[in-house]
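Novice: Please read through the structure below; I'll follow up with questions.
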Amino acid sequence: METTTRTPAPVPGGLRPVEVRVPGRPLARFAEVLEPAGFERCRAALREAAEQLRGRVVWHVNSTARGGGVAEMMGPLIGYARDGGADMRWMVVQGTPGFFTVTKRIHNMLHADSGDGGELGPAERALYEGVMWDNAVELSALVRPRDVVVLHDPQTAGLIPLLRRRRARLVWRCHIGYEDLRDPRVARAWDFLAPYVRAADATVFSRAAYVPDCCSGAPVHIIAPSIDPFSPKNQELSPAAAQAILARTGIVEGAPDDAPPVYLREDGAPGRVDRGADILHVGRAPRWDTPLIVQVSRWDRLKDHLGVMAGFARLGPINGTRLVLAGPAVTGVADDPEGPAVLAELTDAWRALPHETRHHVQIVSLPVVDAQENAAMVNALQRHATIVVQKSLKEGFGLTVTEAMWKGRPVVASAVGGIVDQIDDGRDGVLLGDPSDPAELASALRGLLDAPERADALGGAAHERVRSRMLIIRQLVEDARLLGTLG
């Protein structure tokens, strides 16, 4: 299929991308977690890239400012790059409900999942291109020749041909994918995206197995996602502070020492958690010292919340253990229209559980009004967890796994997608061979609950693996090398 040359019908009322202001973040803080020689090598590489980009802007463009791993990576990537001397900026495209229904359909198909079962035909292409055209009008007024535009995921791929006339360097980064590119659902999604992504100067994927044939005409770079260890989601929190945050949120009862629910915001200013979560549970919240098994993820069927709940139900009560299934408030994630339905399905399944099992399961919707406060809540929940689960049926990469490993938690996760690149089974986590088998999950959980020394050892090894391989300064250097190839 060739790139369309017609002018799509503009969306009524017009849609304009919104700029997210990102302050610089001090690169020097990485000297705390890296060896001196390694830190100096990274800093030198970033300085060199900034010099090559002098007078040019690197525009990162995605579809939401909050919710999901892409949005969470954007602020740190841009902030540290700005401190390193690069002019980087962040734009968020706007879309209609119909547009996000189509892009969610593409998202699901790229994971070999039928999603809502809808089409990706001429009508869907016209809707998609209309939204892209409207957003491109505003972006074209900002982008200058030789600027670099990094477009993230299917929601922005349609901008590539439209921005080419600006003589910018265009990079498309796909954070999702599936190993079997011959799967008919995967093939349909790539057929839809191919006319746009073929026009990119370079593409970036998290894994080599995800690269389709339509991207073979330009350089392909494999760059795994990473985490910022100093963000509100990943910064150090004392056990007392984590418990205080969870108590203020309503997930556990207050700890005896009554510490304040505080954290550091991205600019280093003090922050305090004030909002409560929407929580579905029976009776009182668990005591602050109750063992918690936790999964934190978006309300997405591929995260298999129902399967986590079914596996936990087979576990039986061990020391009063509770299951916490947590995700963002569904009104706060603009580009995921399926969230409310998935949460409703989970709620119905929870109500159908036997009363005793239901008493040990909490469904938690975390407020996202303040993204940094939300991140601090997730941080506290992961740090307080006895075990963190990520039982995805399919997964592009799965940064929640990296986050939990950084916090020294034993992680039980599905052996799918990028998760297998993060966990060395039995050394720094536990992989589930069959993600759809609740009995396997129950067995893995029981094995860690019955052997706390083994759980602690896995958590310690997990932290070291992230420190050496998965921190954002490594990704910054790899991104810098990519930008240096664009001319």
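Readers should treat all values here as calculations from the given coordinates under stated rules, not as data from a laboratory. Since this is a predicted model, take the numbers as computed values, not measurements. Heads up, the Cβs are rebuilt from the backbone with ideal geometry, glycines too, and the neighbour counts pull from every protein chain shown.
Novice: Which residue, chosen from 451, 175, 52, occupies the Cα position most advanced towards the positive end of the dipole of the chain, where the dipole is computed from +1 (Lys, Arg) and -1 (Asp, Glu) charges on Cβ about the Cα centre?
Specialist: Working it through, the farthest residue towards the positive pole turns out to be 52.
Novice: Can you give the alpha-carbon Rg of segment 343-476 over 2.2 N^0.38 Å, where N counts its residues?
Specialist: Expressed relative to 2.2 N^0.38 Å, the Cα Rg reads 1.10.
Novice: Right, another one. Measuring from the lowest to the highest alpha carbon on each principal axis, how far does segment 239-469 reach, largest first, in angstroms?
Specialist: 43, 42, 39
Novice: Here's something else I'd like to know. What percent antiparallel are the DSSP beta bridges of the chain, to the nearest 5?
Specialist: 20
Novice: Pull out a ≥ b ≥ c, the square roots of the eigenvalues of the alpha-carbon gyration tensor of the chain, then state rounded if a/c is under 1.5, prolate if not and a/b is larger than b/c, and oblate in the remaining case.
Specialist: prolate
Novice: Let me ask you something else. Name the shape class, rounded, prolate or oblate, that the alpha-carbon gyration tensor gives for segment 247-326, where a ≥ b ≥ c are the square roots of its eigenvalues, rounded holds for a/c under 1.5, and otherwise prolate holds if a/b is larger than b/c and oblate otherwise.
Specialist: Taking the square roots of the gyration eigenvalues as a ≥ b ≥ c, segment 247-326 is oblate.
Novice: Give me the log10 of I(q) over I(0) for segment 197-251 at q = 0.12, 0.25, 0.28 Å⁻¹, as the Debye formula computes it from C-alpha points; what are the numbers?
Specialist: Log10 I(q)/I(0), no solvent term: -0.53, -0.97, -1.06.
Novice: Here is a further query. Can you list the aspartates and glutamates whose alpha carbon is less than 13 Å from that of residue 407, not counting same-chain residues fewer than 8 positions off?
Specialist: 228, 236, 428, 456, 464
Novice: Here is a further query. Taking the Cα centroid of segment 171-241 and of segment 254-299, what is the distance between the two, rounded to the nearest whole Å?
Specialist: Centre-to-centre distance over Cα atoms comes out at 32 Å.
Novice: When the Cα centres of segment 401-438 and segment 333-399 are compared, how far apart do they sit, in Å?
Specialist: Computed from Cα coordinates, the inter-centre distance equals 17 Å.
Novice: Ranked highest first by average number of other Cβ atoms within 10 Å, how do 98-108, 464-474, 148-158 line up?
Specialist: Sorting 98-108, 464-474, 148-158 by mean packing, highest first, produces 148-158, 98-108, 464-474.
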